Amino acid sequence: MAVADAGHDESMEVTEAVTGVHGDSGPGRIVFRADDERLTAFAGLACVGELARRVGLVELIDAELVTERRAGPVKQRRRGVSGGELVVSLAESQLVGGECFDDIEDLRADRAGAGLRAVTRVPSAPTALQLVKRFRRCLCQAVERGLARAGQRLDRALGREAGEPVTIDLDATVIEVYGRAKQGASRNRAGQLSFAPHVAFWAQRGRALTGELVAGNREKLSAKQAAVICRRALRLLPAGHGPVCVRIDSAYYAIELLRALRAKAARFTVSVPRTPAMWNALEQVPDDAWRPATDMPGAEIAETTYTPSGWKHEPLRLIVRRRCFSARELSRSPRARRLKTIHPEQLQLALAGRLHSVFGYSFILTDIGDQPVADLEHFHRHRAQIEERLKDAKLGQALRRLPSGDANANRLWMTAVLTALNLTAMLCDLSPLAGASGHAPEHAPLRRHAKTLRRTLLCVPARITRHARTTTLRLAAGYRHLAALEATWAAAYALPPP
C-alpha cells in the first residue's frame, strides 16, 4: 500500500505539472493583431470633442489668429489643419498623456475615434513641429483670446452671472530643461538651465487667462513686466464683470505694480517681503490686537496701516499673521523657509538656546477696506489655489517639459498646455466626477486632477458601432465610471450650439 500510494502521489504531481503548462488554466498561445478598425483607445475624448464643438473653441481661436496683424499667418495655404486645429489637437494629445510633439502620432493613428474628438484631422509630428515654430508671441496671445471667449460662452450657457467678483492669481514656476540648444533658457539661482512660466489664473473658474514664458533667471519679473501680464489678464475678462482683486506673491511686490493695478481699478492683496520696514510696522501692533485666524489652528492675526514709499494714495491695510514655534521645531539649515519668517534677533536667540519659542510672521498688504481682517487674511491665504493649478499643469499635463529647442515652439507648447488645463476645468464644470474632488475652499471650483480624469474618463478603450444614425461606444464590462462618462457627455451635448 505504501508503494502504491507513493506511485499515486507521483502521478498526481506529473498531472498537475502538465495541466499548469498545457491545461485550461493558462491562456495558451497568444496572437497579437492590430486590425480592429472600430476600436479606439480614447473614447472619453468624445466629451472633450462635444464640449469644444459646443463652445466653438477651434473656430474662436482661428478667428483671433486671422485678426492678428502683428505677425504673419501661421499658414499660407488652406489645406491641412488650421492654426486653431493645431493648438487643440496638441491639447487633446496632452490630455491623454502626450509629453512631446511625437506623441501626437498616437491620436493620428486612432482613426476610429477621429469623429469623436474636437479635431478630426490630426497633423503628423513633423508637420506640427514645423507649424508651431511659426507662432510668435502675439499669436499665442491670440489663442488666449479665443480660449477666453470659449470660456465665456460656457459661463453664459451655465447661467453664471457676468457681474460676479473676479479674483486673479499670478504666480510662476520653474521648468528645468536639458541640452545646450534651448533658445531662451538660462541658469536660475539654483544653477539649473530652465524656463520660468508666469501664469495668471481666474480663481473662481479654475482657468488660465494668460501666460508668459521667460528665461529661468527671470523667475522674479520687474514691476513693468508683471503689470503687462496683469493688464492682459484684465482684458480677457468678460464685459460687465464684477470687481476684480489680484492676489500676488511677495516675488511680485513692487509699488509700480500696485499703481498699475489701481489705474485699472483692480484691488489687490499682496504678500510683502520681511524687510526692516515690516519689522518696524510690527512694533505698532498692540499686544491685545491679536485674534485667532480662520481655519488655521495656532495662528493669530492683527492689523495696522502702512504707506509704502512712493504710494501717493490712501494708507493701506497691513495684515500680520503669526504662529508660535518651539526652538526644537526650527531647522538648522539656512535655506529653511520657516527661519525666514522669524525676526532675525529672535531667531539668533532661539538657535542659541536662549529662547524656548518664537513667532514666525507673514505680512499682507491690501487696499480692500470693506471686509473684516480675518476674512481678508483667509481670502489671501487661498491664493495657494494657483499652486495646485501649476502643479497640475506640470504633473498632470505636459508643462514639466518644453520639448523643442525653438523658442516659438516651446511658447506654443505652453499655450497648448494651458488650453488642455482649461478644457479639464470646463469638463469639471460639467462632470459629476468633479464633485468628489475633496475639501475645496468656499466658492472655489470643484475639480479633479488631470491624471485622475485621464484614468477615469479620457483614456477609456471602446469599440465604436453605428446603426440607424446612432453611435454606440461599447466599453469593457465592469467599467466603473460609465454613469459619470454618460452624464459628462450629456451635459456637453445639452449646451447650446455656437
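The values are calculated or read from the model by the stated rules, or taken from the named source; none is laboratory data. In this text the structure is predicted, and so the values were computed from the model without any measurement. Positions of Cβ are backbone-derived with ideal geometry, glycine not excepted, and every protein chain shown enters the neighbour counts.
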Scanning segment 326-367 for residues that are within 30 Å of the chain's Cα centre (by Cα) and farther than 18 Å from A293 by Cα gives R335, A336, R337, R338, L339, K340, D367
Exactly one of I386, I368 is surrounded by fewer than 18 Cβ atoms within 10 Å (Cβ to Cβ), within 30 Å of L282 (Cα to Cα) and β-branched (V, I, T), and that residue is I368
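Pick out the one residue from L154, L147, L129 that is part of a helix (DSSP H, G or I), of a type in the set (A, V, I, L, M, F, W, C), touching a residue at least 12 places away in the same chain (Cβ under 8 Å) and under 15 Å from P496 (Cβ atoms).
Matching residue, one of L154, L147, L129: L154.
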Checked pairs for segment 484-498, first closer than 20 Å to R156 by Cβ, second surrounded by fewer than 19 Cβ atoms within 10 Å (Cβ to Cβ) and at pLDDT below 95, C-beta under 8 Å and 6 or more apart or across chains, list as T488/P432
The lone condition E85 fails out of (1) free of Cβ contacts under 8 Å to residues at least 40 places away in the same chain; (2) over 21 Å from R136 (Cα atoms); (3) acidic (D, E) is (2)
**Message:** Can you say whether L170 is assigned to a strand (DSSP E or B) and touching a residue at least 40 places away in the same chain (Cβ under 8 Å), as far as the supplied structure shows?
**Reply:** yes
Among the residues of segment 449-469, the number that are assigned to a strand (DSSP E or B) and either buried (at least 22 other Cβ atoms within 10 Å of the Cβ) or within 17 Å of the chain's Cα centre (by Cα) (or both) is 1
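Closer than 19 Å to L221 by Cα and assigned to a loop (DSSP other than H, G, I, E, B): is that true of R259 in this structure?
No.
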Return yes when F363 is crowded, with 19+ Cβ neighbours inside 10 Å, farther than 30 Å from R448 by Cβ and in contact with a strand residue (DSSP E or B) (Cβ under 7 Å, 6 or more places away or on another chain) and no when it is not.
yes
Of (1) in contact (Cβ under 8 Å) with a residue 60 or more places away in the chain; (2) surrounded by fewer than 16 Cβ atoms within 10 Å (Cβ to Cβ); (3) assigned to a helix (DSSP H, G or I); (4) not polar (S, T, N, Q), L107 fails just (2)
Those residues of segment 291-309 that are in contact with a strand residue (DSSP E or B) (Cβ under 8 Å, 6 or more places away or on another chain), exposed (fewer than 14 other Cβ atoms within 10 Å of the Cβ) and of a type in the set (D, E) come to a total of 0
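This table checks each residue for (1) out of contact with any strand residue (DSSP E or B) (no Cβ under 7 Å at 6 or more places or on another chain); (2) loosely packed, with under 15 Cβ neighbours inside 10 Å; (3) more than 20 Å from T419 (Cα to Cα).
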site	(1), (2), (3)
A148	no, no, no
R153	yes, no, no
E161	yes, yes, yes
D169	no, no, no
I175	no, no, no
G179	yes, yes, yes
Q183	yes, yes, yes
R187	no, yes, yes
L193	no, no, yes
Of the residues in segment 431-451, those that are modelled with pLDDT of 60 or more and out of contact with any Cys (no Cβ under 8 Å at 6 or more places or on another chain) come to P432, L433, G435, H449, A450, K451
inquiry  = Can you say whether R338 is at pLDDT 90 or above, basic (K, R) and closer than 17 Å to R274 by Cα, as far as the supplied structure shows?
reply    = no
Considering segment 239-255, residues that are small (G, A, S) and farther than 26 Å from V174 by Cβ, and then whichever is surrounded by the most Cβ atoms within 10 Å (Cβ to Cβ), we arrive at G242
| query | Is it the case that some residue within segment 407-420 is under 13 Å from L453 (Cα atoms) and either modelled with pLDDT of 95 or more or surrounded by fewer than 20 Cβ atoms within 10 Å (Cβ to Cβ) (or both)? | reply | yes
If you go through G242, G191, G216, G206, the only one that is in contact with a Lys or Arg (Cβ under 6 Å, 6 or more places away or on another chain), small (G, A, S) and farther than 25 Å from G310 by Cβ is G206
Within segment 472-481, residues being free of Cβ contacts under 8 Å to residues at least 24 places away in the same chain and part of a strand (DSSP E or B) number 2
